[in-house]
Amino acid sequence: MTKPVTDLIHHPYQPPAGFSAPQPGVFKASTVIFPDTTALRARDWRHKNGYTYGLHGTPTTFQLEERIATLEGGLHCILVPSGLASIANVGMALLKAGDEMLLPDNVYGPSRALAEGEFKGWGITHQLYDPLKPADLEARIGPHTKLVWLEAPGSVTMEFPDLPELVRICRRKGVTCALDNTWGAGLAFDAFDLAPGSGEALAVDISAHALTKYPSGGGDVLMGSIVTRDEKLHQRLKLTHMRVGWGIGGNDAEAVLRSLPSLPLRYRAHDESARTLARWCAAREEIVQVLHPALEGAPGHAHWRALCGDAGLAAGLFSVVFHERHAPAQVDAFCDALKLFRLGYSWGGPVSLVVPYDIPAMRSAALATWPHKGVLVRFSVGLEAVEDLQADIEQALRALHRPG
């Protein structure tokens, strides 16, 4: 007879099968128990026909992977600890010394920093292209170009490119293209069907997604995904994922699984409030431009409308450019005066956020894509009442006129 302490660890009870509930069970494991040595040697984690080790998947993470792949229109999904990790995994899997990748000039800042840091140190070069000029991308693709990153819209300044045409260029040139699809969240457009109804099979090769944002929805989870439709490409990405040792926690997977059913409702609510506030800001004399893809006159608005439709979705982000008469210190005072909009990075959660940016320092001097002299402020609209958010912006604008 074994001792009670041993019985606690090796208890024979197994719950009966057949339990079903709205939310899937949460499995947390590093070690996975095999029934025998035959199973230990036979299981293949790469194709989800069994479990071998926590890093290679559990029932919980497998379910989340399958749901994210479906959300984005893909067939295969890999989960990583953050959106930036998804970008890093793609580059590490597809690039080697002597290769080149191309990034849009309005790329997500940490993605550019990764190219300028680690990838440069590994002998991988990069160029920046103007995302609103497809010819510029085409001219920059050379014999060493192995990967092109796309963003729709661009980070912070929100320019919406002619995404289908950029993908066509990559196709003609035989270059892999990867999209940072965090803004679209699999809802604004289908990255794997960019010419719906036309008969043209047009898709990105890879969709990278910061699940930290809208899929999580709570501002409390860090996670990313890499979605593909090509099995060979997926396995290449997955082997890098295995060798690097990326992993996500079972509770984080549970949180995203719980949030996914409400994603379309939340995304639309963020979108509607953001458009209301963006239109209101456009009428303010303190502001010279509102940057929101769904607003007429915003950079790339026609491209957004062509891809997403006249009644399409457009997330909950927009930026404003203040008149140049308002000094940076005054704009900082405006941000500090906001009460409901909190100062903080990221987006997609219930709390509205605001961040001022120094755009000239973030853009390539050679491309000279930023025409404004005023300070830019980006708003991430949460789930508060839009009337309260508008009143908050209105009261904070008074800080611009206070003597310094």
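The values are calculated or read from the model by the stated rules, or taken from the named source; none is laboratory data. The model shown is predicted, which means the values in this text are computed figures rather than measured ones. Cβ placement follows ideal geometry from the backbone for every residue including glycine, while neighbour counts extend to all protein chains displayed.
So residue 308 fits all but one of (1) over 30 Å from residue 395 (Cα atoms); (2) of a type outside the set (D, E, K, R); (3) in contact with a strand residue (DSSP E or B) (Cβ under 7 Å, 6 or more places away or on another chain); what number is the exception?
Only one criterion in (1) over 30 Å from residue 395 (Cα atoms); (2) of a type outside the set (D, E, K, R); (3) in contact with a strand residue (DSSP E or B) (Cβ under 7 Å, 6 or more places away or on another chain) is unmet by residue 308, namely (3).
Pick out the one residue from 338, 257 that is more than 20 Å from the chain's Cα centre (by Cα) and of a type outside the set (D, E, K, R).
Values: 257 fails: more than 20 Å from the chain's Cα centre (by Cα).
From the options 338, 257, the qualifying one is 338.
Which numbered condition trips up residue 252, out of (1) surrounded by fewer than 20 Cβ atoms within 10 Å (Cβ to Cβ); (2) closer than 15 Å to residue 211 by Cβ; (3) not basic (Lys, Arg)?
Only one criterion is unmet by residue 252, namely (1).
For residue 72, are the conditions met, namely being crowded, with 21+ Cβ neighbours inside 10 Å and in contact with a strand residue (DSSP E or B) (Cβ under 6 Å, 6 or more places away or on another chain)? Give the steps one after another, and end with the answer.
Details: crowded, with 21+ Cβ neighbours inside 10 Å: yes; in contact with a strand residue (DSSP E or B) (Cβ under 6 Å, 6 or more places away or on another chain): yes.
It is true that residue 72 is crowded, with 21+ Cβ neighbours inside 10 Å and in contact with a strand residue (DSSP E or B) (Cβ under 6 Å, 6 or more places away or on another chain).
Within region 306-322, which residues are in contact with a Leu (Cβ under 8 Å, 6 or more places away or on another chain) and either without any contact (Cβ under 8 Å) to a residue 60 or more places away in the chain or not aliphatic (A, V, I, L, M) (or both)?
Narrowing region 306-322 to residues in contact with a Leu (Cβ under 8 Å, 6 or more places away or on another chain): 307, 313, 318-322.
Within region 306-322, 318, 319, 320, 321, 322 meet the criteria.
For region 216-231, check the following and say yes or no: at least one residue is at pLDDT 95 or above, touching an Asp or Glu at 6+ places or on another chain (Cβ under 8 Å) and surrounded by fewer than 18 Cβ atoms within 10 Å (Cβ to Cβ).
Within region 216-231, one or more residues are at pLDDT 95 or above, touching an Asp or Glu at 6+ places or on another chain (Cβ under 8 Å) and surrounded by fewer than 18 Cβ atoms within 10 Å (Cβ to Cβ).
Of all the residues that make up region 97-124, how many are more than 19 Å from residue 155 (Cα to Cα) and either within 20 Å of the chain's Cα centre (by Cα) or surrounded by 13 or more Cβ atoms within 10 Å (Cβ to Cβ) (or both)? Before you say what the answer is, go through the steps one by one.
As a first pass, look at region 97-124 and keep what is more than 19 Å from residue 155 (Cα to Cα): 97-100, 117-124.
Next, from what is left, pick out any that are either within 20 Å of the chain's Cα centre (by Cα) or surrounded by 13 or more Cβ atoms within 10 Å (Cβ to Cβ) (or both): 99-100, 118-119, 122, 124.
Number satisfying all stated conditions: 6.
Take the residues in region 12-53 that are in contact with a Gly (Cβ under 9 Å, 6 or more places away or on another chain) and aliphatic (A, V, I, L, M), then tell me which one is surrounded by the fewest Cβ atoms within 10 Å (Cβ to Cβ).
In this case the residue turns out to be 42.
May I ask you to list the residues in region 116-136 that are over 24 Å from residue 355 (Cα atoms) and in contact with a Gly (Cβ under 8 Å, 6 or more places away or on another chain)?
Those that are over 24 Å from residue 355 (Cα atoms) and in contact with a Gly (Cβ under 8 Å, 6 or more places away or on another chain): 119, 123, 124, 132.
Does region 328-343 include one or more residues that are under 21 Å from residue 166 (Cβ atoms) and of a type in the set (D, E, K, R)? Give the steps one after another, and end with the answer.
Narrowing region 328-343 to residues under 21 Å from residue 166 (Cβ atoms): none.
Within region 328-343 (the criterion being under 21 Å from residue 166 (Cβ atoms) and of a type in the set (D, E, K, R)), the answer is no, since none of the residues qualifies.
Here are the criteria: (1) buried (at least 18 other Cβ atoms within 10 Å of the Cβ); (2) farther than 24 Å from residue 311 by Cα. Tell me which single one residue 143 does not satisfy.
Against the list (1) buried (at least 18 other Cβ atoms within 10 Å of the Cβ); (2) farther than 24 Å from residue 311 by Cα, residue 143 comes up short only on (1).
Restricting to region 304-332, give me the number of residues that are of a type in the set (A, V, I, L, M) and surrounded by 18 or more Cβ atoms within 10 Å (Cβ to Cβ). Steps first, answer last, please.
Initially, region 304-332 is screened for residues of a type in the set (A, V, I, L, M), giving 306-307, 311, 313-315, 317, 320-321, 327, 329, 331.
Now restrict to residues that are surrounded by 18 or more Cβ atoms within 10 Å (Cβ to Cβ): 307, 313-315, 317, 320-321, 331.
Here the count works out to 8.
When you go through (1) at negative phi; (2) out of contact with any Leu (no Cβ under 6 Å at 6 or more places or on another chain); (3) surrounded by fewer than 23 Cβ atoms within 10 Å (Cβ to Cβ); (4) outside any strand (DSSP E or B) one by one for residue 294, which number turns out not to apply?
Only one criterion is unmet by residue 294, namely (3).
Is there any pair with a first residue in region 284-305 that is among the charged types (D, E, K, R) and a second that is in a strand (DSSP E or B) whose Cβ atoms are under 8 Å apart and which are 6 or more apart or on different chains, and what are they?
Here the result reads 286/322, each pair linking region 284-305 to a residue that is in a strand (DSSP E or B).
Confirm whether residue 374 is in contact (Cβ under 8 Å) with a residue 60 or more places away in the chain, surrounded by 16 or more Cβ atoms within 10 Å (Cβ to Cβ) and under 15 Å from residue 268 (Cα atoms). Working first, answer last.
On the way: in contact (Cβ under 8 Å) with a residue 60 or more places away in the chain: yes; surrounded by 16 or more Cβ atoms within 10 Å (Cβ to Cβ): yes; under 15 Å from residue 268 (Cα atoms): no.
Spelling it out, it is not the case that residue 374 is in contact (Cβ under 8 Å) with a residue 60 or more places away in the chain, surrounded by 16 or more Cβ atoms within 10 Å (Cβ to Cβ) and under 15 Å from residue 268 (Cα atoms).
Report, ordered by the first and then the second residue, all pairs with beta carbons closer than 6 Å, sequence separation of six or more or different chains, a first member in region 334-356 that is more than 20 Å from residue 271 (Cβ to Cβ) and in contact (Cβ under 8 Å) with a residue 40 or more places away in the chain, and a second member that is among the aliphatic types (A, V, I, L, M) and part of a strand (DSSP E or B).
Within 6 Å, the pairs are 335/354; 338/354.
Give region 336-351 a look and list any residue that's farther than 17 Å from residue 386 by Cβ and surrounded by fewer than 17 Cβ atoms within 10 Å (Cβ to Cβ), or say none.
336, 343, 344, 345, 346
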